[in-house]
Amino acid sequence: MLEAFEIIPNLPVLVVTVPLIGGVLTIAMGRGKGPWAWATLITGLVFYFTVLLMQQVLAAKTGYISYELGNWPRQWGIEYRVDALNAFILLTVAGVSFVTTLYAQKSVEKEIPQDRHNFFYAVWVLAVCGLLGITVTGDAFNVYVLLEISSLTVYALIAMGKDLNRQALTASLRYLILGSVGASFILLGIGYLLMVTGTLNMEDMHDRLAALPDAVHNRTVLVAFALLLVGLGMKMALFPLHMWLPKAYTYAPSAVSALLSATATKVGIYMAFRFLFTIFGVGFSFVAMPAHVVLSVAACAGILVTGVTAVRQTNLKRMLAYSSVGQLGYIVAGFALANVHGVAGSVIHIFNHAVMKGGLFMAAGAIMYRLGRCDLRSIRGLGKRMPLTMAAFVAGGLGLVGFPLTAGFISKWYLVQGALEAPHMWPVAAVVLVGSLLAVAYTWRVVEAAYFQEPEGESALVTEAPLSMVAPMWILIGASVYFGVSATFTGEISMRAAKSLLGGAP
Amino acid sequence: MIHLDVSPPLLAIYIPLLGALLISLAGRWPNLRELVTLLTAGALLWVVAGMAPAVLAPDFWASFARAPALKIAEVLPGVWLELKVEPLGMLFALIAGGLWILNSVYSIGYMRGNHENNQTRFYVCFALAIASVMGLAFAGNLFTLFVFYEALTLTTYPLVAHKGTAEAIRSARTYLGILVVTSVCFLLAGIIGTYVFTGGDMTFRPGGVFTRALADGSLTAPAFGILFILYMYGIGKAALMPVHRWLPAAMVAPTPVSALLHAVAVVKAGVFTVLKVIVYVFGPAVLVRYGVGSWLIYVAGATILIASCIALFQDNLKRRLAYSTVSQLSYVIIAAALLSPLSITAAALHIAAHAFGKITLFFAAGSIYTAAHKTEISQLDGIGRRMPITMAAFTIGSLSMIGLPPTAGFVSKWYLLQATWETDAPFVLVVVILSTLLNAAYFLPIVYRAFFVAEPKHDVIPHLSSADGEFGDDTDPQHSHHGHAPHVVGPHGEAPWPIVVALSCTAAATIAFFFYSDLAIGLATQLRSGLP
C-alpha cells in the first residue's frame, strides 16, 4: 500500500494529477500574489518531476517506463507510457511552463484585471496539465480527453487578452471553431481505429493494425488515417490549416503567447508522432500511404509562405506568430523524411524552438509591458533603452535564423543532413536553408529599428523591463545558446527518440 | 560538453573578447577606452607571434597529424568546436593581428577627427570581429571555420551600418544579405554534404578528406564537382563575381573599417577560406586528378579583369579601391586554382602582400576625408602639396598594387608568374599582364592629379596646419555632431597625427616587405611542404 505514496514509481501519473488538483485549488488562493505563487509552485514541482522522470527513462533497461493507472491491466485500464521521446517533450513543456510562470507575474498584473488573477492562473495550470497529460499517456482515447482539457483552457487564456484588445475575443472564437473541428476529426479517427482494432491502447492498436491482413485497403483504416491527419494538422497549425494561430498569438496576453508558442503546437506535433509512427507505423504512414509527400509539401509551402508573410508584419507578436508556423514547418518537414536524422532534427527542433520562441515572445511581452505596444515603429532606438530585452530578442532571432552556436543551427544541421540522406528529398534541404534566409529578413528589420534608428516620442523615455521579466527571458535565451554550443545531450536524446520511433515499438 | 583552456590559439580568441568587454565598460572614458584597445591589440600580437616559431620548425608536419586539436566544445555528438594551428592560418593571424595595432591608432585619429557617434560600439564590434578572425585563422575543422566565418559577418554588420543613415542601413542590408545567402545556401550545404559523404570527417588535413569516399565510389566525380562549386560560391567573402557586390556596399562604413576589415581581415578571411578548403579539404592533387577545379581559373581571371575595368570608371575613391580589392582577391583565387605547390605559395604570399599596400591606400583615403572632406577622385587636384605624407604613402600603395619593386606586391607577383610558367598556363599570364596595365591605369592618374595638377583657384587659401585644432576637442562619443557633416572647408594640411603615423607605418611596411619577407615566405613554403 505504501507504494502508492512514493514519488519515483508514481512519476508518470504525478505530472498529471499534481497540476490537475493544483489547478483547481488555485482559485482559492485569494486576490494578491497568491495565485501566481501557487502556480509557480505547482509548475516548479511538475518540472522537478519531469527531470526525475527523464533520469528514470534514461536508466530504464527497456528504454521506457510503463505505468498502469489504478493497477488495471492495459487491456482494460489506461496505460501511461514514457520513453525517450515523451520524456523529452515532457521536460520541454514543463520546463518552459515553469519559466513562463515566473515571467507571467508582472506581465499579467499589467494586462489582466486584478480580480481575475485567480481564475487566470487556475486555467493556466490546467492548460499545462492537459498538455502534459497528452504527452504522457499511452492510451488513444485518453489523448482526446486531455486534448479537450488543454484546448478549452487555451481558448479561455487567449480570450483573457480582451482587456488589452477586444480582438482577443474573435481570435479565441476562431481558434475555438477551428480547434473543435480538428478535435472532432481526431475523435472520429480514434473511434474508427477502435472499431477496427477493438482497443484504445496505442501499443495494442499498433500490433492489431499490423496483424490486419489488408490494412492498406481497409476503408475504415484509411478514413481513420485521413481524419487523423487533417485533425492533427489543424492542432499543430500545419500550413494551410494554421489560420487560427497568428491572430490568437497576437492578441493573447503576452505570457500566454509565450506559453502557447512553446508548448501547445509542440504537443500537437507529439500527437502526430504517436499516431503516424507508433500506431500506424512507418510502413503504413510513409510507404503504403503518401503521408510524407503531403506533409513535406505542406511544410515546405508553409515555411516559404509564412516566412514571406512574417517579413511584411509590423507588429512583433504577429511577426513571431507567423514565424512560428514556419518553424513548425521545419519540424513537420523533418519527420516527413522518415529517416533517423530527419526525425531527430524534428524532435530536437521541438525543444530548440520552444526555448527560442518562448524567449522571443517574452521579449515582445517586455516591450508591451513598457510601451503598451510592440510594433516596429515603437521599438526604434530601443537597443539603448532596453538593452537586455533587445539583446535577448536579437539572440533569439539569430536562433530562428539558425546562426551557428545557437540552438536553431543544431536543428538545421540535423534536418539538412536528413534531407540529403533521404532519396530525392534534397529540395527539403534547400527549403530549410532558404527559410532561414527569410528569418534573417524579418529578424533584421527589428535589429535595424532597435539599433540604428532614432527613438521617437515616449519610446525615448522608457527603461529596461523589471528583473522578474528579464531573468526568465534570459533563462530561455541562455538555454537556446547553451544547447547551441553543446548539443550533446539534446542530440543524443533526439537520436534515441528517432531510432525508437522508426523502429516501431517506442 | 564545454572545455575551458588557455592555450595560445584560444588566448588569441579570448584576448580580443576580453578586450571587447573592457572597452564596453570603459565606454565613458574615451582615453581609457582607446588605451584598452591598443593594449588588447598589443597583447594579441604578442600571443600570435609567440606561436610562429613552432609552425616554422622543420619537423612541423611530422608531428602535425599526431598532434591533438585544441577542443573547445562538443557541439553535436562527435562534432567539436576545435582549433589547430597550421602555417596558412598563422600567416593570416599575424597579418590581421599586426595591422590591428596600426589600425587602432588610425581609428583614434579618424573617429575623433570626424566626430563619429557610437564610438564605444564601434571599438567593441571591432574587437569582436578580430576575435572572429582569430577563430577563423586557427579553426581545426570545417565546422569551426563556418562558425567563425558567420561570426565575422555578424560582428562586422554593425560596423557597416555604423552611421545609421538610410544609405548606411541599405548598404549594410546588401552586405549582410549577400554574405548570409551565399554562406547559408551554398557553404553550409557544402559542409553538411562533406559531413554526409565522408561519414562525419571534417578535420583539415593536407591532401583533403575525400580520398576514401572517392575511392570507394560513394562520392561520384560530378557530385565532387558540385561540392567544389558550392564551396567556391559559398565563400562570398572571397568576392568572386557575381557575388562581389557586398564589398563596394561595405564602403559606406567609416574608413578604418574599410581599411582593416574590407581590405584585410574580412576579404582575406574569404580568400583564406578558399585556399584552406582547396589545400586541406579537397587537396590540390585530388582536384587535378578529377579535373573539377579548372573552371575556377577562368571565373577568377574574368573577375580580375572586369573588376579592374569597373574600378577604372569609379570617381569615388573608396569605391575605386573596393573594386581594386575585388580584383586583387581573385589573384589569390587564380593562384590557388592553378593547383601546383608553387602557386599555392604564391596565393598565400599574395594574402600577405596585398594587405600592406591596400590598407595604406585606404588609410590615405580616410586621411583625405578627415582633413579635406573630399571623397571623389576628381576633387583631388593638387592635394599632394597640402598632404605630402598621405599622398606619398598613397603612391607607395599604388606601386604595390601594380606590383612594382621595391614594394610588397612585387614579391607575390614574382611567385605567381613563376607558377604560371611552371604549370604552363598562358591564360593566367595574359590576365596578370592585362591586369597590371589596368592597375596602373586606375592608380597612376590619381597620383598624377595629386602631385602635378594645380589646385583649382577657389580652393587656394593660405596653407595652415589647422588640423590639430579640430582633433581632440571632441572626445564625447555621445556628441551631437553627425559624423558625415563636413565642418571644415578650405584650409587644411595633413590629417591628425595618429592618422599620419599609422599610414606612414603601413607604407614603410609595404616597402619593408619587399626586403624582409622571410617570415611570410617561410610560412607559405611551410604550407607547400605539407602537401602530400
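The values are calculated or read from the model by the stated rules, or taken from the named source; none is laboratory data. Keep in mind that this is a model prediction, so the values were computed, not measured. Virtual Cβ from ideal backbone geometry, glycine too; neighbours counted across all protein chains shown. Ligands, DNA and RNA are excluded from the accessible area calculation, which covers all protein heavy atoms including side chains. Shrake-Rupley method; radii C 1.70, N 1.55, O 1.52, S 1.80 Å.
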So, restricting to helices (runs of 4 or more DSSP H) that lie completely within segment B:7-94, which ones have at least 3 residues that are open to solvent by 30 Å² or more (accessible area, probe 1.4 Å) and within 14 Å of chain A (Cβ to nearest Cβ)? B:8-25
What's the number of the condition B:Phe126 fails, among (1) within 30 Å of B:Met51 (Cα to Cα); (2) within 11 Å of chain A (Cβ to nearest Cβ); (3) buried (at least 24 other Cβ atoms within 10 Å of the Cβ); (4) hydrophobic (A, V, I, L, M, F, W, C)? (2)
Conditions: (1) modelled with pLDDT under 90; (2) within 14 Å of chain B (Cβ to nearest Cβ); (3) open to solvent by 10 Å² or more (accessible area, probe 1.4 Å). A:Gly402 meets all but one. Number of the miss? (3)
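Residue-wise test of (1) over 16 Å from the mean Cα position of the chain (by Cα); (2) in a helix (DSSP H, G or I); (3) buried (at least 23 other Cβ atoms within 10 Å of the Cβ).
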{"residue": "B:Tyr298", "(1), (2), (3)": "yes, yes, no"}
{"residue": "B:Leu305", "(1), (2), (3)": "yes, yes, no"}
{"residue": "B:Leu321", "(1), (2), (3)": "no, yes, yes"}
{"residue": "B:Ser324", "(1), (2), (3)": "no, yes, yes"}
{"residue": "B:Leu329", "(1), (2), (3)": "no, yes, yes"}
{"residue": "B:Leu342", "(1), (2), (3)": "yes, yes, no"}
{"residue": "B:His354", "(1), (2), (3)": "no, yes, yes"}
{"residue": "B:Gly357", "(1), (2), (3)": "no, yes, yes"}
{"residue": "B:Ala371", "(1), (2), (3)": "yes, yes, yes"}
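Yes/no per residue for (1) in contact with a Ser or Thr (Cβ under 8 Å, 6 or more places away or on another chain); (2) at pLDDT 90 or above; (3) more than 26 Å from A:Met160 (Cβ to Cβ):
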| residue | (1), (2), (3) |
| --- | --- |
| A:Val230 | no, yes, yes |
| A:His242 | yes, no, no |
| A:Leu259 | yes, yes, no |
| A:Lys317 | yes, yes, no |
| A:Ser323 | yes, yes, no |
Which pairs have Cβ atoms under 8 Å, sit 6 or more apart or on different chains, and link a residue in segment B:1-27 that is modelled with pLDDT of 90 or more to one that is exposed (fewer than 15 other Cβ atoms within 10 Å of the Cβ) and outside any helix (DSSP H, G or I)? B:Tyr14/B:Val6
Segment B:140-162, subset of a type in the set (A, V, I, L, M), more than 17 Å from the chain's Cα centre (by Cα) and at the interface with another protein chain (Cβ under 10 Å from one of its Cβ atoms), residue nearest to B:Ile235 (Cα to Cα): B:Val147
Qualifying positions in segment A:432-456 - open to solvent by 20 Å² or more (accessible area, probe 1.4 Å) and over 28 Å from A:Val256 (Cβ atoms): A:Val434, A:Leu437, A:Tyr451, A:Gln453, A:Glu454, A:Pro455, A:Glu456
Please find, among B:Leu214, B:Leu227, B:Leu176, the residue that is closer than 30 Å to B:Ala524 by Cβ and within 12 Å of chain A (Cβ to nearest Cβ). B:Leu227
Among residues belonging to segment A:281-315 that are open to solvent by 40 Å² or more (accessible area, probe 1.4 Å) and not in a helix (DSSP H, G or I), point out the one that is nearest to A:Ala498 (Cα to Cα). A:Pro290
For segment A:405-432, how many residues meet the condition of being at the interface with another protein chain (Cβ under 10 Å from one of its Cβ atoms) and free of Cβ contacts under 8 Å to residues at least 12 places away in the same chain? 3
Only residues in segment B:429-441 that are open to solvent by 40 Å² or more (accessible area, probe 1.4 Å) count as the first member; pair them with residues that are not charged (D, E, K, R), Cβ under 7 angstrom, at least 6 apart or cross-chain, and list the lot. B:Leu434/B:Leu305; B:Ala441/B:Leu312
Of the residues in segment B:373-424, how many are under 27 Å from the mean Cα position of the chain (by Cα) and not in a helix (DSSP H, G or I)? 11
Among the helices (runs of 4 or more DSSP H) contained in segment B:246-295, which hold 1 or more residues that are touching a His at 6+ places or on another chain (Cβ under 7 Å)? B:246-249
When residues of segment A:466-489 are limited to those that are of a type in the set (Gly, Ala, Ser) and in a helix (DSSP H, G or I), the one nearest to the other protein chains (Cβ to nearest Cβ): A:Gly484
The correct count of residues that are among the small types (Gly, Ala, Ser) and surrounded by fewer than 20 Cβ atoms within 10 Å (Cβ to Cβ) in segment B:169-180 is 1
For segment B:179-203, the count of residues that are in contact with a strand residue (DSSP E or B) (Cβ under 6 Å, 6 or more places away or on another chain) and either among the hydrophobic types (A, V, I, L, M, F, W, C) or within 9 Å of chain A (Cβ to nearest Cβ) (or both) equals 1
Looking at this structure, is A:Glu492 within 14 Å of another protein chain (Cβ to nearest Cβ) and either under 30 Å from A:Leu276 (Cα atoms) or out of contact with any His (no Cβ under 7 Å at 6 or more places or on another chain) (or both)? yes
Can you go through A:Ser66, A:Ser97, A:Ser107 and tell me which one is polar (S, T, N, Q) and not in a helix (DSSP H, G or I)? A:Ser66
Residue in segment B:253-272 that is within 14 Å of chain A (Cβ to nearest Cβ), open to solvent by 20 Å² or more (accessible area, probe 1.4 Å) and not hydroxyl-bearing (Ser, Thr, Tyr) present: no
